[in-house]
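Scroll down for the structure; my scribbles are underneath it.
The values are calculated or read from the model by the stated rules, or taken from the named source; none is laboratory data. All figures in this text were calculated on a predicted structure; none of them were measured in a lab. Glycine also receives a Cβ, built like all others from the backbone with ideal geometry; neighbour counts cover every protein chain displayed.
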Amino acid sequence: DAGVIQSPRHEVTEMGQEVTLRCKPISGHNSLFWYRQTMMRGLELLIYFNNNVPIDDSGMPEDRFSAKMPNASFSTLKIQPSEPRDSAVYFCASQRYTGELFFGEGSRLTVL
Amino acid sequence: RKEVEQDPGPFNVPEGATVAFNCTYSNSASQSFFWYRQDCRKEPKLLMSVYSSGNEDGRFTAQLNRASQYISLLIRDSKLSDSATYLCVVRGGGADGLTFGKGTHLIIQP
């Protein structure tokens, strides 16, 4: 079975550009999470969805960040405009009810 | 106080030794506890859940102390392949999302 699929794996962009990260959760999983990982702050929960509905977005840093889940098999995390401090690895993870959390391989973002 | 705290290490341990590390959590209402393992430049993966009665999985033993609000991970007969970052993870207190500690970096030396 396919795991959580994220794209792009790597993105290098310039400050001010829009960045869109994509995630396809594992089929049958009803919760989806977006995390950001940096050396300084570790893994931070940005937002999570339950049955495609955003439940908690208190971790979203600011209005430049937005996330959507239009259906059970797709989610996006958008940063507009991007800033150098947004450089991090962004992980998407999915879960079936309160079971094991499965992570994608991550999207490594560098904002110059 | 941070929600989930871990000693970042690194812990340098000779192969075959036993190593243990703890993690403390601040929310007494937390309900579920886990250890995840993350290899360098890879995604985190579940190592084991932590049950109130303590649990063992091969060379790995996890324990929970609710009174003192900490969980522990013990690795016996350590292998080179155990080198990784171990993330303490807590769920509960009204939030479905998992809160991760920053991780403890373990290096097993030959």
Original post:
B:Thr85 is checked against (1) at pLDDT 95 or above; (2) touching a Phe, Trp or Tyr at 6+ places or on another chain (Cβ under 7 Å); (3) under 29 Å from A:Arg108 (Cβ atoms) and fails just one. What number does that condition carry?
Top reply: (2)
**OP:** Restrict the check to region A:40-58 and report whether at least one residue is under 10 Å from the mean Cα position of the chain (by Cα), part of a strand (DSSP E or B) and facing chain B (nearest Cβ under 8 Å).
**Re:** yes
Subject >> Failed condition for B:Ala67, given (1) in contact with a strand residue (DSSP E or B) (Cβ under 7 Å, 6 or more places away or on another chain); (2) free of Cβ contacts under 8 Å to residues at least 60 places away in the same chain; (3) over 30 Å from A:Arg9 (Cβ atoms); (4) more than 14 Å from every other protein chain (Cβ to nearest Cβ) >> reply: (1)
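Report, by residue number, each residue of region B:1-36 that is of a type in the set (Phe, Trp, Tyr) and within 19 Å of B:Glu56 (Cα to Cα).
Across region B:1-36, the qualifying residues are B:Phe21, B:Phe33, B:Phe34, B:Trp35, B:Tyr36.
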Subject >> Extreme residue, surrounded by the most Cβ atoms within 10 Å (Cβ to Cβ), among residues of region B:37-60 that are closer than 24 Å to A:Gly42 by Cβ and away from every other protein chain (no Cβ under 13 Å) >> reply: B:Val50
**OP:** Considering only region B:70-89, state which residues are acidic (Asp, Glu) and within 11 Å of chain A (Cβ to nearest Cβ).
**Re:** none
Original post:
out of contact with any helix residue (DSSP H, G or I) (no Cβ under 7 Å at 6 or more places or on another chain) and modelled with pLDDT under 95, is that true of A:Met39?
Top reply: yes
